[in-house]
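Beneath this line is the structure, given in structure tokens, with notes to follow.
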Amino acid sequence: MATFDVRFLGCKVSHLDAQDVRARLLADGHSERADGDVAVVNTCCVTHEALSKSRQAAARAARTHRRVYVTGCAANLEGGALSGLPQNVIVVRRRSEDTPAAVAADLGALGCINDDARLERVRAFVKIQDGCSFSCNFCVIPLVRGGTRSRTAGAVLREIRRRVDQGHSEIVLTGINLGCFRDREAGYTLARLVREAGETAGLARLRLSSIEINHVNDELVAALRETPTVARHLHVPLQSGDDDVLRAMGRRYSVATYLRRLEELVDFNLTADVIVGFPAEDERAFANTLRVVQEARLTKLHVFPYSPRPGTKTAAEDPVPAAVKRERSRRLREHSLVACLEHWRAKLGREDVVLVDRPGRGYGDDYSPWLVRGDVGQLVCVRAAAVTDEGILAA
Ligand code: SF4
């Protein structure tokens, strides 16, 4: 039997992929220990910084573990991004769905003794789709994860049932490009899946991890609105608030479309990703982004300074100086904090149901952060008494 530990870098999909490897190794009879013989590092390469952190994590793990499996996006990047690591590091270049079996086969199975490990403490992330066929000009994801493919609706709904039975009160539907989910044979779109997943008995809250604006259509909006368990939160990547930059990025929407489609969701807490310092972004374009994040009433912004990724259409372009990217990131993050505070203040005196996910902290119905008392995993009904930079203080 091997002892192992699994870590991940990057997004929720990377987290889920790491959990899949973890579940598979547990099912094979290996046991988890912080200082195990074997480490699995599920990596990210979405920015230059993410890639170098992934490399460092693999090198660090190689010093403290007998064997290290490096999996995930960076492992699939062309061009030897992870070459030159110590000899006890094995780079697993496989699609996400084939990775657990590849690691397990290399490690050797012991027989199934624990085939339904409870993987997360509070909310459970359920992958419904992987890959992306959009090919935005800056994005390496389609190159390392492949085109879009979906799980069957039946498999997703069964997993949700199982996770709720394990005690998870919140489910997050997760994928690389969630709106591409389709189960044509069974006749499911994302909207239908949301409606049926939301009806799972015992489920308190259902969320989407992120959705492209192209997929925010009437059918989906109706499903989000009419399913009582759906959280009033939506993360809709903006990337830029300037039409010229959006075109140069190869995004398939205009600012007007972005704003129009979110009009139906004014009572939702809307959050977004924004890239700063994209090659076509001058001061005027950046000012447009600042204007649009306000107009769209976005609160939390995940700001990414642009870094060229190998193999992408803009791989050779990076004219915006690093200091300018830092300054634009700072301005957007500052705006984001102000917008969050304003959103939280509007809740003062009102009640919310908060899922406690760490000691002293949790998230309300629209994914606003709260500072609360209560046991981890518990849903508590609270009233907003004050607001701090970290969230809403419960009375
Ligand atoms: S939609 Fe664009 S940014 Fe998002 S994963 Fe696909 S190619 Fe990348």
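The values are calculated or read from the model by the stated rules, or taken from the named source; none is laboratory data. Just so you know, these numbers come straight off a predicted model, no measurement behind them. Methodologically, a virtual Cβ is constructed for each residue, glycine included, from the backbone with ideal geometry; neighbour enumeration extends over all protein chains shown.
Test of understanding: among GLY349, GLY362, GLY277, which residue is buried (at least 21 other Cβ atoms within 10 Å of the Cβ) and more than 28 Å from PRO142 (Cα to Cα)?
Of the residues listed, the single one that is buried (at least 21 other Cβ atoms within 10 Å of the Cβ) and more than 28 Å from PRO142 (Cα to Cα) is GLY362.
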- [ ] Would you mind telling me which numbered condition in (1) closer than 22 Å to TRP344 by Cα; (2) away from the ligand (no atom under 16 Å from the Cβ) ALA256 fails?
- [x] (1)
Open item on the list: With the requirement that a residue be of a type in the set (A, V, I, L, M), over 22 Å from ALA102 (Cβ atoms) and either more than 20 Å from the chain's Cα centre (by Cα) or not in a loop (DSSP other than H, G, I, E, B) (or both), what does the stretch 44-70 give you?
Closed with: ALA50
Open item on the list: Whether any residue in the stretch 287-301 is among the aliphatic types (A, V, I, L, M), within 16 Å of the ligand (Cβ to nearest atom) and farther than 20 Å from GLY175 by Cα is what I want to check.
Closed with: no
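Only one residue in THR71, THR99 is surrounded by 19 or more Cβ atoms within 10 Å (Cβ to Cβ) and either without any contact (Cβ under 8 Å) to a residue 60 or more places away in the chain or in contact with a Gly (Cβ under 7 Å, 6 or more places away or on another chain) (or both), so which one is that?
Of the residues listed, the single one that is surrounded by 19 or more Cβ atoms within 10 Å (Cβ to Cβ) and either without any contact (Cβ under 8 Å) to a residue 60 or more places away in the chain or in contact with a Gly (Cβ under 7 Å, 6 or more places away or on another chain) (or both) is THR71.
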TODO: Being at pLDDT 95 or above and not in a loop (DSSP other than H, G, I, E, B) is the filter; apply it to the stretch 357-378 and report the residue that is nearest to PRO228 (Cα to Cα).
DONE: TYR363
- [ ] Give the number of residues within the stretch 380-395 that are surrounded by fewer than 16 Cβ atoms within 10 Å (Cβ to Cβ) and in a strand (DSSP E or B).
- [x] 5
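What are the residues in the stretch 293-322 that are in contact with a Leu (Cβ under 7 Å, 6 or more places away or on another chain), small (Gly, Ala, Ser) and within 15 Å of CYS139 (Cβ to Cβ), if any?
Of all residues in the stretch 293-322, those in contact with a Leu (Cβ under 7 Å, 6 or more places away or on another chain) come to 293, 295-299, 301, 303, 310-311.
Right, trim to small (Gly, Ala, Ser) and you get 296, 311.
Scanning the stretch 293-322 gives a single hit, GLY311.
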Open item on the list: I need a count of the residues in the stretch 121-139 that are within 11 Å of the ligand (Cβ to nearest atom) and in a loop (DSSP other than H, G, I, E, B).
Closed with: 9
- [ ] Out of LEU262, LEU224, LEU238, LEU190, report the one residue that is closer than 21 Å to LEU16 by Cα, crowded, with 22+ Cβ neighbours inside 10 Å and of a type in the set (A, V, I, L, M, F, W, C).
- [x] LEU190
Task: Hits in the stretch 247-285 (condition: closer than 21 Å to ASP366 by Cα, among the acidic types (Asp, Glu) and touching a residue at least 24 places away in the same chain (Cβ under 8 Å)) - done: GLU264, ASP267, ASP273
Open item on the list: Residues that are modelled with pLDDT of 95 or more, touching a strand residue (DSSP E or B) at 6+ places or on another chain (Cβ under 9 Å) and closer than 27 Å to GLY250 by Cα: does the stretch 152-172 have at least one?
Closed with: no
- [ ] Would you please name the residue that is surrounded by the fewest Cβ atoms within 10 Å (Cβ to Cβ), looking only at residues in the stretch 178-187 that are assigned to a loop (DSSP other than H, G, I, E, B) and in contact with a helix residue (DSSP H, G or I) (Cβ under 8 Å, 6 or more places away or on another chain)?
- [x] ALA186
Open item on the list: Contact list please: Cβ distance under 9 Å, first residue in the stretch 165-192 and closer than 30 Å to VAL376 by Cβ and away from the ligand (no atom under 13 Å from the Cβ), second residue outside any helix (DSSP H, G or I) and acidic (Asp, Glu), pairs at least six apart or on different chains.
Closed with: GLN166/ASP116; HIS168/GLU120; GLU170/ASP357
TODO: Mind listing just one residue for me: the one in the stretch 27-47 that is under 20 Å from ILE176 (Cβ atoms) and polar (S, T, N, Q) and, of those, modelled with the lowest pLDDT?
DONE: THR47
TODO: Filter the stretch 71-98 for residues that are aliphatic (A, V, I, L, M), closer than 21 Å to PHE4 by Cα and over 20 Å from the mean Cα position of the chain (by Cα) and give the result.
DONE: LEU85, VAL89, ILE90, VAL91, VAL92
Task: Residues located in the stretch 6-43, provided they are in a strand (DSSP E or B), without any contact (Cβ under 8 Å) to a residue 40 or more places away in the chain and surrounded by fewer than 20 Cβ atoms within 10 Å (Cβ to Cβ) - done: SER31, GLU32
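Residue-by-condition table, conditions (1) on the phi > 0 side of the Ramachandran plot; (2) hydrophobic (A, V, I, L, M, F, W, C):
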site: SER240; (1), (2): no, no
site: LEU246; (1), (2): no, yes
site: LEU259; (1), (2): no, yes
site: ASN269; (1), (2): no, no
site: GLY277; (1), (2): yes, no
site: ALA280; (1), (2): no, yes
site: THR289; (1), (2): no, no
TODO: Take SER210 and decide whether it is modelled with pLDDT of 95 or more and buried (at least 17 other Cβ atoms within 10 Å of the Cβ).
DONE: yes
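When you look at PRO237, is it modelled with pLDDT of 95 or more, part of a loop (DSSP other than H, G, I, E, B) and away from the ligand (no atom under 16 Å from the Cβ), yes or no? Step through it out loud before you land on a result.
Values: modelled with pLDDT of 95 or more: yes; part of a loop (DSSP other than H, G, I, E, B): yes; away from the ligand (no atom under 16 Å from the Cβ): no.
No, not satisfied.
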- [ ] Within the stretch 202-219, work out how many residues are within 16 Å of the ligand (Cβ to nearest atom) and under 15 Å from VAL13 (Cβ atoms).
- [x] 5
